[in-house]
Amino acid sequence: MATSSNELLCTTCEKVKATLKCAGWSQDYCYDHLRDHRQELNVQLDHIGNNYNHFRQLFNEYINNS
């Protein structure tokens, strides 16, 4: 099936559906895959937060032992 140039495809399933754009990634997702994308971003953000907390703990230990 041909799509017109103004129809947006979901980045994940490549189907023409109602899509939303992820502004940070400039990619379009259907509702189902936008939810999955958001969950993936939340996991990545949690990982960054954990790394930050670990680094802060190590830094504080270093400062206290100096």
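The values are calculated or read from the model by the stated rules, or taken from the named source; none is laboratory data. Computed from a predicted model, the values in this text were never measured in an experiment. Neighbour counts are summed over all protein chains in view; Cβ atoms, including those assigned to glycine, are modelled from backbone coordinates with ideal geometry.
Taking the criterion of being assigned to a strand (DSSP E or B) and either over 25 Å from ASN42 (Cα atoms) or modelled with pLDDT under 90 (or both), the residues of segment 1-20 that qualify are VAL16, THR19, LEU20. Selection of first residues in segment 21-39 that are surrounded by 12 or more Cβ atoms within 10 Å (Cβ to Cβ) and of second residues that are of a type in the set (Val, Ile, Thr), restricted to Cβ pairs under 7 Å at least 6 apart or on distinct chains, gives the following pairs, ordered by first then second residue: GLN27/THR11; ASP28/THR11; ASP28/THR19; TYR29/THR11; TYR29/THR12; TYR29/THR19; CYS30/THR19; HIS33/THR12.
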